[in-house]
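First up is the structure itself, then whatever we jot down about it.
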Amino acid sequence: MPPRTQPVLLRSLTSRKVQKRHFSQGLRRADQTWGEKEDLDTAWMDERTSSNERVPLHKTRRVFSGIQPTGVPHLGNYLGALRQWKRFHDQSTDPNFSINYEPEQYFSVVDLHSLTGDIAPQDRLRLRKESFASLLAMGLHNTAETTVFFQSDVWCHSELMWILSTFASTGYLSRMTQWKSKLNLPDTANLDSDEATAKLKLGLFSYPVLQAADILLYRASMVPVGEDQLQHIEFTRSLARTFNSHVQRVGSGQAVFRIPWPVLSPAKRIMSLKRPTQKMSKSDPDPKSRILITDSKEDIYAKVKGAVTDSEPGISFDPERRPGVSNLIEILKHVTESNQPSQFIAKDLENTSMRAFKEMVAGEIVKALDGIRDNFLELMQPNNSRLHDEVFQGGWKARDKAKSTLQDVKQSLGLQTLALPWLEKERQPRKDSRPERVVRKEEELDSPSSSPDQFEGAPIRHSSAEAHVPIRHIPVGHEKRSSGRSGRS
């Protein structure tokens, strides 16, 4: 019997038409055929993942994706994921799309994940700031539909991870390839290996559980990822089904989590400019092997000019025989968003000299990244408060959504707070309440001269200017939008 398919609506690369793509119950593949016919079929809003499981999606198309705080992203990150984020962000402001659907996007700098690596605290702080500033420089920012935030600003991620850990299978986690590749172990390595257990830390082993919590916490229906993350999305889907079936089995009502779908970018892999058989990476010690999205025009031209190719005349697409030239063709295809196959692009340029070809590729990269560098440098200025405002607003919005989901999760497990009725009554101040006491820097609360009950019941207010946190408010437009969505999942 052929696999059952369901129509899922996504926007095309342009804002002029809607494309429909049919998916089986397996993972979405980037090479599946896209239909060109405009169709407003809404069956995807009632996605069923099994005969007895249904997660109501209403009219909301909710997207979640995260990026590690490795500093300024390189061209491969941009073409593989970040440009897709920007499209979702821009699409949410399209009135033609929002007539029938309510798009929401949650884009996170997943800095808790970075704790599995050996990074000095001062370096991690710098890399986090650069990563967040890069997203803003691309054009992403907090709106009524889009939320850009740090993962560590939302405590619900860690709490949901622990809850999901009680459902996650160690056998499934032991088969994941992430921890093996991070430790330079073969894919056949398992927990019976002394080498594996000597190197493996719990945080790296349970990394996929935190990643699942990131996605499920916002009840995302779509997750833009690269092909190397498909195994993690399938784990997330499996974990969500396990949790949903558990709460339904014990009689806690409907399923809590949506079953997310991965969305793959057409740009599968961008290779290193110096080692075209390896993926472009920031771990490469040679900075000329990659193009950062904040590189200057001069740097981009110099890096592309120095890209490894070969001495064969002309341009042709052959990844096995001519990996360097083929990589530049792939870069040209994706930065120009061409619909032509790489072989056709190479055929059109077959008589072009290598020097002219490299200049063409560099020029198109400069066009694709235009404006990002200037925006980034402005955001990184010490007196620029916009980055701090965006961090504050993004964290506030993300916590608001995450707490709602976590409350449903805890209620489904019988963990709802028993003190809730008391919150409905306004607590009266104590008759013997004392005024706030200002604590100055030179004073110590545990000083021997202070009696233990001297400060009991009196809130402590620090007078230090450094301890003051300005209160910033979400724009009125967001409050109105949020109030109109109360009660939706």
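The values are calculated or read from the model by the stated rules, or taken from the named source; none is laboratory data. Keep in mind it's a predicted model, so treat the numbers as computed, not measured. Note: ideal-geometry Cβ built from the backbone for every residue, glycine included; neighbour counts use all protein chains shown.
Pick from the range 336-371 the residues that are acidic (Asp, Glu) and assigned to a helix (DSSP H, G or I): which of them is nearest to Lys86 (Cα to Cα)? Checked the range 336-371; the qualifying residue nearest to Lys86 (Cα to Cα) is Glu364. Taken across the range 110-129, residues that are at pLDDT 85 or above and of a type in the set (Ser, Thr, Tyr) do occur, with at least one present. Close Cβ contacts (under 6 Å, 6 or more residues apart or on different chains) running from residues in the range 330-348 that are in the same structural domain as Gly363 (by TED's automatic domain parsing) to residues that are surrounded by 22 or more Cβ atoms within 10 Å (Cβ to Cβ) and among the basic types (Lys, Arg) comprise Ser342/Lys333; Ile345/Lys333. Just one of (1) modelled with pLDDT of 95 or more; (2) under 19 Å from Ile215 (Cα atoms); (3) among the hydrophobic types (A, V, I, L, M, F, W, C) fails for Ala137. It is (2).
Can you pull out every residue in the range 181-235 that is of a type in the set (Lys, Arg), at pLDDT 80 or above and surrounded by fewer than 20 Cβ atoms within 10 Å (Cβ to Cβ)? Answer for the range 181-235, where residues must be of a type in the set (Lys, Arg), at pLDDT 80 or above and surrounded by fewer than 20 Cβ atoms within 10 Å (Cβ to Cβ): just Lys201.
Against the definition (over 19 Å from His74 (Cα atoms), outside the structural domain of Asn77 (by TED's automatic domain parsing) and in contact with a Gly (Cβ under 7 Å, 6 or more places away or on another chain)), how does Asn351 come out, yes or no? Here the answer is yes, as Asn351 does meet what is asked. Report yes if Asn327 is surrounded by fewer than 15 Cβ atoms within 10 Å (Cβ to Cβ), outside the structural domain of Gly76 (by TED's automatic domain parsing) and free of Cβ contacts under 8 Å to residues at least 60 places away in the same chain, otherwise no. So Asn327 does not fit the description; no. In the range 200-313, counting only helices (runs of 4 or more DSSP H) that sit wholly within it, the ones holding 1 or more residues that are more than 27 Å from Leu377 (Cβ to Cβ) and assigned by TED's automatic domain parsing to the domain that holds Ser65 span 202-205, 207-216, 230-249.
In the range 236-261, the residues that are in contact (Cβ under 8 Å) with a residue 60 or more places away in the chain reach residues that are part of a loop (DSSP other than H, G, I, E, B) and among the charged types (D, E, K, R) with C-beta atoms within less than 7 angstrom, at least six apart or across chains, in these pairs: Phe257/Arg219; Arg258/Arg219; Ile259/Glu47; Trp261/Arg28.
Taking only the range 114-144 into account, find how many residues are buried (at least 19 other Cβ atoms within 10 Å of the Cβ) and either in contact with a strand residue (DSSP E or B) (Cβ under 8 Å, 6 or more places away or on another chain) or within 16 Å of Leu406 (Cβ to Cβ) (or both). Residues meeting the conditions: 7.
Is it the case that Leu216 is of a type in the set (A, V, I, L, M, F, W, C) and closer than 22 Å to Ala81 by Cβ? Criteria met by Leu216. Of all the listed residues (Glu130, Glu145), the sole one being closer than 25 Å to Thr60 by Cα and within 20 Å of the chain's Cα centre (by Cα) is Glu145.
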